[in-house]
Amino acid sequence: MNCHNNWSHLVKTLALSQLHKDLIIGCGLGDATFNMNPNGNASIGFDQGLPNKEYLLYLFNIMKEYATQPQIGERISFDKRYDKKNFSYNFRTKASTTFFPFVNLFLKKQKDSTKYVKIVPPCIEELLTPGALAFWLQDDGQHVKNGGVTLCTDNYTYDDVQLLKSVLENKYKLKCTIHNKNPNKGYFRIYISGKSLHVLQPLIVDYFHQSMLYKIHF
């Protein structure tokens, strides 16, 4: 399926390395945040908690030529419930027209509102390369003790999750099911069967940071 206004074509022809594009698409499906301003510039934010600090440094080292700062930032918050400090780490890209096509792929303006919501690009099958899949799994993947991997797609609509599932099945021949983790709120997650790990691992392992290999039972 082609994306509106052919943004996917613009992404493919951008003067960015394929690794940069894979990272942005994969993390875009995951935890990355997108911002744009009226003059056509856009930026991308990356944020991870203390347990994933090394992974964030891995992302930063790939994206550092586009970052606003020479090193990752640290944020400290205090959780009164447990009387403890929480540490998180972040960086953001500079605002640039380079990132505008990605924003147009991932953000959709809500009806009767000035707010935007993150969506799954309709053309995600074109864009979900093995590298992009690897970064998505590192961001949103969850190790399942008895085998397989769960993708925490809670914030997407059921239709978006169905689209992602169909891409994983049709493009990569992975056995997947959708699980509703919260019937009241409709938090839908994709489970990739442990029977598909022998197909999945060789596709993506070269893009994984060492700290994230456990997610794919490697």
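Details
- Residues of segment 4-39 that are among the charged types (D, E, K, R) and in a loop (DSSP other than H, G, I, E, B): 31 alone.
- Residues that are part of a loop (DSSP other than H, G, I, E, B) and of a type in the set (D, E, K, R) within segment 58-80 comprise just one, 80.
- Segment 61-85 - residue that is acidic (Asp, Glu) and farther than 19 Å from residue 42 by Cα and, of those, surrounded by the most Cβ atoms within 10 Å (Cβ to Cβ): 74
- Summed over segment 7-30, residues that are surrounded by 22 or more Cβ atoms within 10 Å (Cβ to Cβ) and either without any contact (Cβ under 8 Å) to a residue 24 or more places away in the chain or under 13 Å from residue 136 (Cβ atoms) (or both) total 8.
- Within segment 113-156, the set of residues being of a type outside the set (S, T, N, Q), in a loop (DSSP other than H, G, I, E, B) and either more than 23 Å from residue 195 (Cβ to Cβ) or free of Cβ contacts under 8 Å to residues at least 24 places away in the same chain (or both) comprises 115, 119, 120, 121, 122, 123, 145, 154, 156.
- Which listed residue, of 100, 87, 135, is at negative phi, among the aromatic types (Phe, Trp, Tyr) and within 16 Å of the chain's Cα centre (by Cα): 135
- Residue that is in contact with a Ser or Thr (Cβ under 8 Å, 6 or more places away or on another chain), in contact (Cβ under 8 Å) with a residue 24 or more places away in the chain and surrounded by fewer than 15 Cβ atoms within 10 Å (Cβ to Cβ), where the choices are 173, 181: 173
- Failed condition for residue 55, given (1) at pLDDT 95 or above; (2) in a loop (DSSP other than H, G, I, E, B): (2)
- Screening the candidates 140, 160, 154 for the property of being surrounded by fewer than 20 Cβ atoms within 10 Å (Cβ to Cβ), within 25 Å of residue 48 (Cβ to Cβ), charged (D, E, K, R) and in contact with a strand residue (DSSP E or B) (Cβ under 7 Å, 6 or more places away or on another chain) yields one hit, 154.
The values are calculated or read from the model by the stated rules, or taken from the named source; none is laboratory data. Just so it is clear, the structure is predicted and the values come from calculations on it, not from any experiment. In this analysis, Cβ positions are derived from the backbone assuming ideal geometry, glycine residues included, and neighbour counts consider all displayed protein chains.
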